[in-house]
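Derivation of every value follows stated rules applied to the coordinates shown; laboratory data play no part. Since we're looking at a predicted model, the values are computed, not measured. Don't worry about glycine lacking a Cβ; one is built from the backbone with ideal geometry, like all the others, and counts go over all protein chains shown.
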Amino acid sequence: IEDIIPDGSIVDSGQYVARLDQTEISNKIKDKETELEKLETQVIKTRIDTSIEMRAARDELINLKYALEERKIILEQSAYEPPATIRQAEINLEKAQRAYEQAIKNYQLKLDKNRANMQDVQASYFQAKRQLENLLKVREGFVVKAPKSGMLIYRRNWDGKKMGVGAQISTWDNIVATLPDLSKMISKTYINEIDISKVKTGQTAEISIDAFPHKKLTGIVAEVANIGEQIQGSNAKVFEVIIHVNEFDSILRPAMTTKNVILTKEFQNVLFLPIEAIHTEGKVSFVYKDNKKVEVATGESNENYIIIKEGLKEGDEVYISIPKDTDGWPIVRLNSSEPSQETKDRNSKSNG
C-alpha cells in the first residue's frame, strides 16, 4: 500500500481510498508497449513485403499469359511452313502452356502462404494488444475507490497490526480495507472452556460499551465456535462467541471494546445470596449468621450470586465477609433442625 486515507474516515461511493505501488505493473506495461510497437512494425513490414511479392507474381503471370498467346499466333502462322518448323512451334506452345499453368499454381501457393504469415503476425499483434489492455485495466485497480458510502476500517494482518501504508497485499487476498454495515453490528467475545457448554445460539445478551459505561444494548447469540483457541501466555482454552446487536446506535464504532453478559438460564422466585457469602469446610457449605455457621444447600450460580435451596429463609441476615473470632462458632447442620419442606417431601416419597 503506497497511500491510504486515515482509518475511520467517512467516504462516499466512488471516493478515493488508497493507491497501491504500481512499479512492477508499470514495468510490465512498458515492456508490453515495446513488444506491441515491434509487432506493429512487423505487421506493416509483412504487409508491404507481401504486396511487393504478390505484385511481382501477378506481373510474371501476366507476362506468361502474353507469351502463351504469342506462341499460339506463331503456331497458327506456321500452317504452311515445313513440318519441322510446325513441330517446333507446337513444342514452344506446350512449354508456354505448362509455364503459365505452373505460374498460376505457384501464385496461389504464394498467396496462401502470405495470408497465413500475415494472420500469424496479426494474431501476435492483437494478442499483445489485449494483454496490454488487460494490464492497463489492472493498473486502474491500483487506485482503490469506495464501492459504496460508509466508514473506512483498516484490515489487520495475522499479528493484529493495522494494514496501512507499506503493508503487503497479495493477489489471493487483495482486500485493502473494509466498509462495514454499521446498521448491523456484532459483538465478539470469548467464553472459557468450563462455561462454554452453557452457551447456546438464540440466548439473549446484555452488551455494555467500555467507552460509554452507562450505555446498555441487547443482543442475541448467533454463533458459538466448535473449536477452542489458545490464549496467549496461558494454557486455558476459550471459544469464540458472536452476538448480533439488536439496536442501532450512532455511537457504535468497529473495534470498540464491549462487555457481554449472556443469559444462559433464568430462575423465578428463588432465594439467593452474593456468592462471596458462602463458605466451606470440607464438603459442608455454610453462611455466618447469628454467631453460628449455618449449613445451606446451594443450587446453580453465576459470577455474582448463588441459589440457596435450604438453610435460610427470605429476610435472614448473613455476613458477606468472614467475621472476627469465629473459631468457636458452632455449625448448625441442616438435619439438626426442623426438616425443610424438600426433606419432608423426600421422606414422604420414600415412605410411600
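If one takes the longest principal axis of the Cα atoms in the chain, at what angle in degrees, from 0 to 90 and to the nearest 10, does the Cα axis of helix 341-351 lie?
90
What chymotrypsin sites (Phe, Trp or Tyr not before Pro) in the range 272-339 are in a loop by DSSP, with at most 16 other Cβ atoms within 10 Å of the Cβ?
For chymotrypsin sites (Phe, Trp or Tyr not before Pro) across the range 272-339 that sit outside H, G, I, E and B with at most 16 neighbouring Cβ atoms in 10 Å, the list reads Tyr319.
For the chain, with the dipole built from +1 on Lys and Arg beta-carbon atoms and -1 on Asp and Glu ones, taken about the Cα centre, which of Leu61, Gln268, Ser187 lies farthest toward the positive end?
Leu61
Just to confirm my numbers, what's the Cα centroid distance between the range 120-189 and the range 258-291 in Å?
One Cα centre to the other: 54 Å.
Could you give the length gained by full extension between Asn174 and Asp59, i.e. 0.36 nm per residue of separation minus their alpha carbon distance, to one decimal place? Walk me through the intermediate numbers first.
Values: separation 115, 0.36 × 115 = 41.40 nm, distance 6.19 nm.
Length difference between fully extended and current span is 35.2 nm.
Could you work out how much longer the chain between Lys292 and Arg139 gets when fully extended? Use 0.36 nm per residue separation minus the Cα distance between them, nm to one decimal.
Result for the pair: 46.9 nm of gain on full extension.
For the residue pair Ser301 and Lys188, what label-to-label distance in nm results when each label sits 7 Å from Cα along the Cα-to-beta-carbon direction?
Taking the simple label geometry, Ser301 and Lys188 are separated by 3.3 nm.
Do the alpha carbons of any pairs in Lys289/Lys313; Lys215/Lys309; Lys259/Lys313; Lys237/Lys309; Lys38/Lys113; Lys259/Lys309 sit beyond 24 Å of each other, and which pairs? Show your work: numbers first, answer last.
Details: Lys289/Lys313 12 Å; Lys215/Lys309 35 Å; Lys259/Lys313 34 Å; Lys237/Lys309 32 Å; Lys38/Lys113 22 Å; Lys259/Lys309 30 Å.
Going by Cα-Cα distance, Lys215/Lys309; Lys259/Lys313; Lys237/Lys309; Lys259/Lys309 fall outside the 24 Å limit.
Just in the range 1-103: which chymotrypsin sites (Phe, Trp or Tyr not before Pro) are loop by DSSP and have at most 10 other Cβ atoms within 10 Å? It would help to have the intermediate numbers written out before the result.
On the way: sites: Tyr16, Tyr66, Tyr80, Tyr100; in loops: Tyr80.
Here the sparse-neighbourhood loop sites are Tyr80.
By how many nm would the segment from Glu81 to Met118 grow when fully extended, if each residue of separation counts as 0.36 nm and the alpha-carbon distance is taken off?
Numbers: separation 37, 0.36 × 37 = 13.32 nm, distance 5.25 nm.
Going from the current span to full extension adds 8.1 nm.
Scan the range 195-229 for trypsin sites (Lys or Arg not before Pro) in coil per DSSP, keeping those whose Cβ has at most 16 other Cβ atoms within 10 Å, and list them by number.
On the way: sites: Lys198, Lys200, Lys215, Lys216; in loops: Lys200.
Here the trypsin sites (Lys or Arg not before Pro) that fit, given the DSSP loop and packing criteria, are Lys200.
Using a 10 angstrom Cβ neighbour count of at most 10 plus a DSSP loop assignment to flag exposed GluC sites (Glu not before Pro), which longest range of the chain is free of such sites?
Working: sites that count: Glu266, Glu303, Glu314, Glu317.
Result, exposed sites excluded: 1-265.
What distance in nm lies between label points placed 7 Å from Cα along the C-beta direction at Ile10 and Glu70?
Computed distance between label sites Ile10 and Glu70 equals 9.4 nm.
Show that you can apply the helix-only estimate: for the chain, add -39,500 (n - 2.57) for every DSSP H stretch of four or more residues, divide by all residues, and state [θ] at 222 nm to the nearest 500.
Working: 3 runs with 124 residues, N = 352.
Computed ellipticity for the chain at 222 nm equals -13000 deg cm²/dmol.
Once the other residues with Cβ under 13 Å from the Cβ of Gln122 are scored (Lys, Arg +1; Asp, Glu -1), what is the net sum? Present the calculation step by step, with values, prior to reporting the outcome.
On the way: positive: Lys45, Arg47, Arg115, Lys129, Arg130; negative: Glu40, Asp120.
Taking every other residue near Gln122 into account, the sum is +3.
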